[in-house]
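Let me begin by presenting the structure, written as structure tokens, before commenting on it.
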Amino acid sequence: MRKKSLKSLNKLKRNKDFRPTRKKFLIVCEGEKTEPEYFKHFRVNRMLVEGLGANTVSLVKKAIELKDDPYTNYDNVWCVFDRDSFPAQNFNNALSLAKKNDIQVAYSNEAFEIWYLLHFHYHTSATSREEYARMLTERLGSPYRKNDPSMYDKLFDLQETAIRNAENLLKSYTNHSPEKDNPSTRVHLLVQELNKHSV
């Protein structure tokens, strides 16, 4: 009997050891409302989401500043921004600067709405921001509003589909070039990371 109890205790200890450590997240978004409204719905205790209204390099620089604050101690820092119509050099410089400073980037080419659309189907055509709004309106069955605080809830049941579609979309580019791969997104990588640490 004692032998069985020790075995059970060891099993419990092993399971406890394999639990992911609760990380402290900082998510710095280009958009002031759309992206922050979405990410704030993840049930992660130690998370700060900032919508700065800044773009590419300036956004990454702000993330570095927040990350380097000795009073914050963030374990996991992400920037969320779009390719939009910024010059390729700006976009690439932002990616490079983030990598040098151990900051992850959940970019979308061309717009964050590709992540929303991938919840409904696999989409491979270059699409403008205006087209995304029209397509999402059709699929949602109601007008798509850019800063809709209920988008996370509306899309939650289709999240696994979106992750799979986003992964396949990135794999479809043989010569991967983030500034040219339209459409593409890495938002699913941030979503997966947040899901690991949800309570």
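The values are calculated or read from the model by the stated rules, or taken from the named source; none is laboratory data. What you see is a predicted model; the values in this text were computed from it and never measured. With ideal geometry, Cβ positions are generated from the backbone for all residues, glycine too; neighbour counts draw on all protein chains shown. Side chains included, ligands, DNA and RNA excluded: accessible areas come from the protein's heavy atoms. Shrake-Rupley method; radii C 1.70, N 1.55, O 1.52, S 1.80 Å.
Please work out which residue is nearest to Ala94 (Cα to Cα), limiting yourself to the range 165-197 and to residues that are among the hydroxyl-bearing types (Ser, Thr, Tyr) and open to solvent by 40 Å² or more (accessible area, probe 1.4 Å).
Tyr173
Answer with yes or no whether Asn92 is more than 15 Å from the chain's Cα centre (by Cα), touching a residue at least 24 places away in the same chain (Cβ under 8 Å) and under 30 Å from Thr127 (Cα atoms).
yes
Of the numbered conditions (1) at pLDDT 95 or above; (2) within 14 Å of the chain's Cα centre (by Cα), His197 fails exactly one; give the number of that condition.
(1)
Can Glu131 be described as among the acidic types (Asp, Glu), surrounded by fewer than 19 Cβ atoms within 10 Å (Cβ to Cβ) and in a loop (DSSP other than H, G, I, E, B)?
No: the conditions fail for Glu131.
Can we say Ile114 is in a helix (DSSP H, G or I), surrounded by 16 or more Cβ atoms within 10 Å (Cβ to Cβ), touching a Pro at 6+ places or on another chain (Cβ under 6 Å) and among the hydrophobic types (A, V, I, L, M, F, W, C)?
Yes.
Only one of (1) touching a strand residue (DSSP E or B) at 6+ places or on another chain (Cβ under 7 Å); (2) open to solvent by 70 Å² or more (accessible area, probe 1.4 Å); (3) charged (D, E, K, R); (4) modelled with pLDDT under 95 fails for Lys40. Which number is that?
(4)
Quick check on Phe120: is it part of a helix (DSSP H, G or I) and farther than 16 Å from Asp181 by Cα?
Taking the combined requirement at face value, the residue does not satisfy it.
Which of the residues spanning the range 135-159 are assigned to a helix (DSSP H, G or I) and surrounded by fewer than 13 Cβ atoms within 10 Å (Cβ to Cβ)?
Selection gives Glu138, Asp153, Phe156, Asp157.
How many residues, within the range 81-111, are part of a loop (DSSP other than H, G, I, E, B) and of a type outside the set (Lys, Arg)?
Selection size over the range 81-111: 12.
Pull out all pairs, ordered by first then second residue, where Cβ-Cβ is under 9 Å, the residues are six or more apart or on different chains, the first lies in the range 100-122 and is more than 11 Å from Val187 (Cβ to Cβ), and the second is in a strand (DSSP E or B) and open to solvent by 50 Å² or more (accessible area, probe 1.4 Å).
Partner pairs satisfying both residue conditions: none exist.
Residues being at positive phi and in a helix (DSSP H, G or I): count how many of those fall in the range 23-61.
Of the residues in the range 23-61, 1 are at positive phi and in a helix (DSSP H, G or I).
Among the residues of the range 68-83, which ones are of a type outside the set (A, V, I, L, M, F, W, C) and either in contact with a Phe, Trp or Tyr (Cβ under 8 Å, 6 or more places away or on another chain) or in contact (Cβ under 8 Å) with a residue 40 or more places away in the chain (or both)?
Thr72, Asn73, Tyr74, Asp75, Asn76, Asp82, Arg83
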